Amino acid sequence: LVLHASTIQNAASDCIDSDFSFGIIERNHIRQCGGDAIDMNHSFFNINFNILNENNDKGLSCGEKSVCKAQSNLFNANATAIAAKDSAYLISTRNRYVDNEIGIASFVKKPWYTSPHIRDTNSVYRGNGVKRASLGFFQY
């Protein structure tokens, strides 16, 4: 999947939901989704130079053994900017986290998975309720 220079907004649930896939999501504006802006499981994605704002749940949900490389994105006014869960691997570089309830959340949702791995470098946090939250075993 390659999604480039698009605007996606006002979906009733997740705007992008991609399982068992790989690709590039770059230079998009994804906003006001009823669920997550981007939701992936068992996937590998580069997510670069996007604006993800005002989403009811997560800007990026990186779950179930996914590898998510997020670079130079703006996460603004989401419930949670990024959630890494269920054995996922998140590499966050030079992202901006502004006015989210939670910047990066990590948890295990399904008991057969382990905790996610998170590496966050050179990112900027401003006005978030919580910068990082490790929620342990968490059921929605």
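Criterion first (without any contact (Cβ under 8 Å) to a residue 40 or more places away in the chain and buried (at least 23 other Cβ atoms within 10 Å of the Cβ)) does G63 satisfy it? For G63, the condition - without any contact (Cβ under 8 Å) to a residue 40 or more places away in the chain and buried (at least 23 other Cβ atoms within 10 Å of the Cβ) - is not met. Determine whether S115 is part of a loop (DSSP other than H, G, I, E, B) and over 27 Å from R27 (Cβ atoms). Considered against the rule, which asks whether it is part of a loop (DSSP other than H, G, I, E, B) and over 27 Å from R27 (Cβ atoms), S115 comes out as yes. Of I8, I16, I38, all but one fail to be under 12 Å from C68 (Cβ atoms), touching a residue at least 12 places away in the same chain (Cβ under 8 Å) and not polar (S, T, N, Q); the exception is I38. Pairs meeting the criteria (first residue in region 80-104 and at positive phi, second residue hydrophobic (A, V, I, L, M, F, W, C) and assigned to a strand (DSSP E or B), beta carbons under 7 Å, at least 6 apart or on different chains) are D86/V108.
Considered as a group, the residues in region 80-97 that are among the small types (G, A, S) and more than 11 Å from the chain's Cα centre (by Cα) include one that is surrounded by the most Cβ atoms within 10 Å (Cβ to Cβ), and that residue is A88. Within the set N41, N100, the sole residue that is out of contact with any Leu (no Cβ under 8 Å at 6 or more places or on another chain), open to solvent by less than 40 Å² (accessible area, probe 1.4 Å) and within 22 Å of V130 (Cβ to Cβ) turns out to be N100.
In region 44-90, which residues are among the small types (G, A, S) and over 16 Å from V130 (Cβ atoms)? Within region 44-90, S61, G63, S66, A70, S72, S87, A88 meet the criteria. Quick one: is D14 open to solvent by 30 Å² or more (accessible area, probe 1.4 Å), of a type outside the set (A, V, I, L, M, F, W, C) and within 14 Å of the chain's Cα centre (by Cα)? Considered against the rule, which asks whether it is open to solvent by 30 Å² or more (accessible area, probe 1.4 Å), of a type outside the set (A, V, I, L, M, F, W, C) and within 14 Å of the chain's Cα centre (by Cα), D14 comes out as yes.
The values are calculated or read from the model by the stated rules, or taken from the named source; none is laboratory data. None of the values given here were measured: they were computed from a predicted structure. Cβ sites come from the backbone with ideal geometry, for glycine too, and all protein chains shown count toward neighbours. What goes into the accessible areas is simple: the full protein's heavy atoms, side chains included, and nothing from ligands, DNA or RNA. Shrake-Rupley method; radii C 1.70, N 1.55, O 1.52, S 1.80 Å.
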